[in-house]
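The values are calculated or read from the model by the stated rules, or taken from the named source; none is laboratory data. These figures come from a predicted structure and were not determined experimentally. In this analysis, Cβ positions are derived from the backbone assuming ideal geometry, glycine residues included, and neighbour counts consider all displayed protein chains.
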Amino acid sequence: MHDQKHFSDISSKVHRLELIYEQLSRNYPTFDQTDDPWMTNGLSSTPFRCLVSVCLSTMTITPRAVKACVPLFERVSNFEELLALDDEALRTIIKPVAHYNRKTTNLKIMCQQILQDFGGRIPDTHQDLMKLQGVGRKVADIMMNFIFHEDTIAVDTHVLRVLNRLDIVHTSVAEAAADQINGITPAHYKRHAHEWLIQHGMQACTARRPRCGACCISELCSYR
Ligand code: SF4
């Protein structure tokens, strides 16, 4: 009896999630169709740029990440050049991002790891990506989705907030939410789910004042 109820809860949640994705996909473009400064400034235009940008963007809003990445990518275009860049010069260039001191150290160690342990190539599994200095679950998930085209939903602060408000997950731990949402999202929505959820979190379901009155999925949400 208990198992049947559990199954029915999961299946109704999956059904509601399908309806949510259907609405989001109608209301938001995929990242490659947006004029988001991340895309227009080519922050993910090569695997090297993508990994470095995503690492620099943690705890940082996009405009600040762009402000650091654009001049950085005018100076360096691969891991050898980044490793060769003087620490002080790197620190100065990436100053717009949060924790730029720690990120300077992490980037240098990450370059050494990629060059020495992975033959100069970015590892293509979650497990190996997370061996890199400064790379956690979210960065690894984004790399697997953006660069290695694995259908994985990365959970950042926006996605986590939206999923909790929608009553799809009940956790403040991003890794736990990532496990749950990846487990119940239908395969055909996984490729772009992160992109829709993050846009919804930034444009409608904002942290301080969600715009529930104008929300395209308000009928599927009990948070008010
Ligand atoms: S109804 Fe409000 S809380 Fe729910 S998803 Fe929309 S904006 Fe977020």
Residues (within 20 Å of M143 (Cβ to Cβ) and either among the β-branched types (V, I, T) or free of Cβ contacts under 8 Å to residues at least 24 places away in the same chain (or both)) located in the range 184-200: T185, I198
N106, sole failed condition from (1) touching a Gly at 6+ places or on another chain (Cβ under 6 Å); (2) at pLDDT below 95: (2)
So V169, is it away from the ligand (no atom under 16 Å from the Cβ), farther than 19 Å from Y28 by Cα, surrounded by 16 or more Cβ atoms within 10 Å (Cβ to Cβ) and not polar (S, T, N, Q): no
Odd one out for Y189 among (1) surrounded by fewer than 14 Cβ atoms within 10 Å (Cβ to Cβ); (2) more than 10 Å from the ligand (Cβ to nearest atom); (3) under 20 Å from P29 (Cβ atoms): (1)
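Output the residues belonging to the range 152-185 that are among the charged types (D, E, K, R) and either in the same structural domain as V52 (by TED's automatic domain parsing) or assigned to a helix (DSSP H, G or I) (or both). Can you show your working first?
Going residue by residue through the range 152-185, those that are among the charged types (D, E, K, R) are 156, 161, 165, 167, 175, 179.
R161, R165, E175, D179 - these are the residues of the range 152-185 that are among the charged types (D, E, K, R) and either in the same structural domain as V52 (by TED's automatic domain parsing) or assigned to a helix (DSSP H, G or I) (or both).
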The lone exception for I181 - which of (1) closer than 21 Å to S218 by Cα; (2) surrounded by fewer than 20 Cβ atoms within 10 Å (Cβ to Cβ); (3) of a type in the set (A, V, I, L, M, F, W, C) it fails: (2)
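Can P96 be described as part of a loop (DSSP other than H, G, I, E, B) and in contact with a Leu (Cβ under 6 Å, 6 or more places away or on another chain)? Reasoning before the result, please.
Details: part of a loop (DSSP other than H, G, I, E, B): yes; in contact with a Leu (Cβ under 6 Å, 6 or more places away or on another chain): no.
Criteria not met by P96.
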Near pairs, Cβ below 7 angstrom, 6+ apart or cross-chain, from the range 206-224 (near the ligand (Cβ under 6 Å from one of its atoms)) to any residue that is polar (S, T, N, Q): C212/S218; I217/Q23
Residue in the range 132-155 that is among the polar types (S, T, N, Q), buried (at least 16 other Cβ atoms within 10 Å of the Cβ), under 17 Å from I198 (Cβ atoms) and modelled with pLDDT under 95 present: yes
Where W196 falls short, out of the listed (1) touching a Phe, Trp or Tyr at 6+ places or on another chain (Cβ under 8 Å); (2) more than 16 Å from the ligand (Cβ to nearest atom); (3) not small (G, A, S): (2)
Condition met for H188 (outside any helix (DSSP H, G or I), closer than 20 Å to K13 by Cβ and more than 18 Å from the chain's Cα centre (by Cα)): no
